[in-house]
Amino acid sequence: MRTTSTLSRVISRRLRQLPGMALYCAIRLAPMDLGDPAFFARMIERDRAAGPKRPSRRSLAKLDFREGIEAGLRTFHARRKGAPETPLRLLYLHGGAFIMDLQTIQWNIPIGLLERVDVEVVAPIYPLGPEADWQETTTAIQRHYLALAEAHGAENIIVFGDSAGASLTLLLAQALRDAGLPQPKALLLFSPALDLTGEDPGQKALARRDPMLSLGLFDEVGARWLKGFPPQDPRVSALFASHDDLPPILLFSGDREILDSDAHRLKAVNPSVDHRHYPGMVHVWPNFPIPEARQALDEAASFIRLHSDT
């Protein structure tokens, strides 16, 4: 009886792991090397020709969606159709290694949150490398945030991002704090890139498990966005800055991504961070249609409600 019970538990656990494992295997089959300069150059060329993406047609049918120019940046606004008016704004900083534009798949996290919380998402299209460097990017984002804070109140803004956008989210809060400017109500980080050196032993160990990112990606970011600026500088690698007096932070990472090391190190230097660690998950897995994504979005929505009146 005990053996049967043990076998049942093992089978149940394997079944629960299947969606995440299937995603991992599918990504492993994709012909992609983000550490290859030639591959990266082709990706940028195609990306610039296409421009920033809107949500899919199916998603747009469920949204009140508009765009305009705000604080000098092209900006998308999205709300769920029929959602009540609210002062709460979710400022979304998209990922893409500081170099790639907003992709259709990246709308899955903002839209997932809109399905769970009555808010408005604001997504600025910020300057990217290699056309811009780190200082132009961070300055433009801070200017956009301050305009949004003036319009709606900093207490009504939660900033969130994925990957490079999550890094920019934390860098924004640190820069605002250092300048004595009003900070957002809270921060929501999905798979943040907090250490751009690529030299941490934890990053190197995780590289063998990561089907999406490679350590060579840090070289591409250094060449095209940092442009010779030291990657260990706290103005670009948020992990090395002070972590005092920051807004509440909810952090997601998976143990099949290089950046899981960054997440654990952030938790170590800032124990107040609420770190949700997902075994078996790849980089920014909440973008994919798997149960673990729905769970993460549920947790993120609860965090938003906790730090707002929504």
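The values are calculated or read from the model by the stated rules, or taken from the named source; none is laboratory data. Because the structure is predicted, anything quoted here is derived from the model rather than measured. Ideal geometry is used to build each Cβ from the backbone, glycine not excepted, and the neighbour counts take in all protein chains shown. These accessible areas exclude ligands, DNA and RNA; they are computed on the full protein's heavy atoms, side chains included. Shrake-Rupley method; radii C 1.70, N 1.55, O 1.52, S 1.80 Å.
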Among the numbered criteria (1) of a type outside the set (D, E, K, R); (2) within 16 Å of the chain's Cα centre (by Cα); (3) not in a helix (DSSP H, G or I), which one does F76 miss? (2)
Scan of region 208-217 for residues that are under 19 Å from G254 (Cβ atoms) and in a helix (DSSP H, G or I), ordered by number: L217
Identify the single condition in (1) in a strand (DSSP E or B); (2) among the aliphatic types (A, V, I, L, M); (3) under 23 Å from P127 (Cβ atoms) that L250 does not satisfy, given that it satisfies every other one. (3)
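Table: residues versus (1) without any contact (Cβ under 8 Å) to a residue 12 or more places away in the chain; (2) charged (D, E, K, R); (3) open to solvent by 10 Å² or more (accessible area, probe 1.4 Å); (4) farther than 13 Å from Y145 by Cα.
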| site | (1), (2), (3), (4) |
| --- | --- |
| L189 | no, no, no, yes |
| D195 | no, yes, no, yes |
| E199 | yes, yes, yes, yes |
| Q203 | no, no, no, yes |
If you go through region 98-120, how many residues are within 21 Å of A193 (Cβ to Cβ), open to solvent by 20 Å² or more (accessible area, probe 1.4 Å) and part of a loop (DSSP other than H, G, I, E, B)? 2
Show the residue pairs that are 6+ apart or on different chains and have beta-carbon atoms under 6 Å apart, the first residue being within region 278-294 and among the charged types (D, E, K, R), the second being assigned to a loop (DSSP other than H, G, I, E, B). E292/M281
Please enumerate the residues belonging to region 267-292 that are over 17 Å from E257 (Cβ atoms) and in a strand (DSSP E or B). D274
Looking at (1) aliphatic (A, V, I, L, M); (2) open to solvent by less than 10 Å² (accessible area, probe 1.4 Å); (3) assigned to a loop (DSSP other than H, G, I, E, B), find the lone condition where L128 falls short. (2)
Consider region 131-181. How many of its residues are surrounded by 23 or more Cβ atoms within 10 Å (Cβ to Cβ) and not in a helix (DSSP H, G or I)? 7
Looking at region 268-293, which of the residues that are within 16 Å of I105 (Cβ to Cβ) and either among the polar types (S, T, N, Q) or open to solvent by 70 Å² or more (accessible area, probe 1.4 Å) (or both) is modelled with the highest pLDDT? N287
In region 39-73, how many are among the aromatic types (F, W, Y) and either assigned to a strand (DSSP E or B) or buried (at least 16 other Cβ atoms within 10 Å of the Cβ) (or both)? 2
State all residues of region 79-100 that are over 17 Å from the mean Cα position of the chain (by Cα) and among the hydrophobic types (A, V, I, L, M, F, W, C); if no residue qualifies, say none. A83, L88
Subset of region 193-242 [among the aliphatic types (A, V, I, L, M), at pLDDT 95 or above and in contact with an Asp or Glu (Cβ under 8 Å, 6 or more places away or on another chain)]: A193, L194, L226, L239
